[in-house]
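A short write-up of the structure that comes next.
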Amino acid sequence: MNQTIHKTDRATAIPADLEQRTAYSRSRPLKRDETTDLIASDKVKNTDVYSTNGDKLGYVDHMMIGKLSGRVEYAVMNFGGFLGIGEKHHPLPWDVLDYDTAKEGYVVNIDKERLKQAPSFPTNQPPAFDRTYGEEVYRYYGTIY
């Protein structure tokens, strides 16, 4: 397939159709942010997280995405504290979250007491998020890293 390239420098080459797709994307309605199977990352932020017994555990503060894999590794949940004091972030492996349409939130098979012992970090001191940490988090939730 032949494509027109706007710039001659291969390191910064942009296919002509990319510019057209980008312009089209900007003009599409917001409905593109959610489909039957996909959801935009900005819609995941602040989504509530519940235990299987219905207790609200916290909310998704942000997601961690593998730079090379492009895969969502964690939903980092804000848990505990009051008015920002004592809050902790709990990285939840993406695969342990199930979306509940009735709750309009995610459900995870863990209760508050077990969550208190789960891997976590102060909101202003994120861990390295390296392989060792990932294996620890995934092991805690009984999933494979």
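Hand me the GluC sites (Glu not before Pro) from region 51-145 located in a DSSP loop with no more than 14 other Cβ atoms within 10 Å, in residue order please. For GluC sites (Glu not before Pro) across region 51-145 that sit outside H, G, I, E and B with at most 14 neighbouring Cβ atoms in 10 Å, the list reads Glu104. Provide the FRET efficiency to the nearest 0.05 for the Lys43-Thr123 pair, computing r from the beta carbons and using R0 = 30 Å. So, using R0 = 30 Å, E works out to roughly 0.90.
Using C-alpha pairs below 8 Å separated by at least 6 residues, the relative contact order for region 43-145 is 23 percent. Using a simple spin-label model with pseudo-atoms 7 Å out from Cα toward Cβ, Lys67 and Ala102 lie 4.3 nm apart.
For region 36-94, applying the loop criterion from DSSP together with a ceiling of 12 other beta carbons within 10 Å to the trypsin sites (Lys or Arg not before Pro) yields Lys67, Arg71. Each residue, Glu136 and Asp95, gets one label point 7 Å from its Cα in the Cβ direction; the gap between the two is 2.1 nm. Over region 74-143, accessible surface divided per residue gives 58 Å², non-protein components excluded, 1.4 Å probe. Return the Rg/Rh value of region 67-124, two decimal places, where both radii are evaluated on C-alpha atoms and Rh is the Kirkwood radius. We get a ratio of 1.00 for region 67-124.
The values are calculated or read from the model by the stated rules, or taken from the named source; none is laboratory data. None of the values given here were measured: they were computed from a predicted structure. When we count neighbours, we look across all protein chains shown, and the Cβ atoms used for this are built from the backbone with ideal geometry, even at glycine. The accessibility values were calculated without ligands, DNA or RNA, using every heavy atom of the protein model including side chains. Shrake-Rupley method; radii C 1.70, N 1.55, O 1.52, S 1.80 Å.
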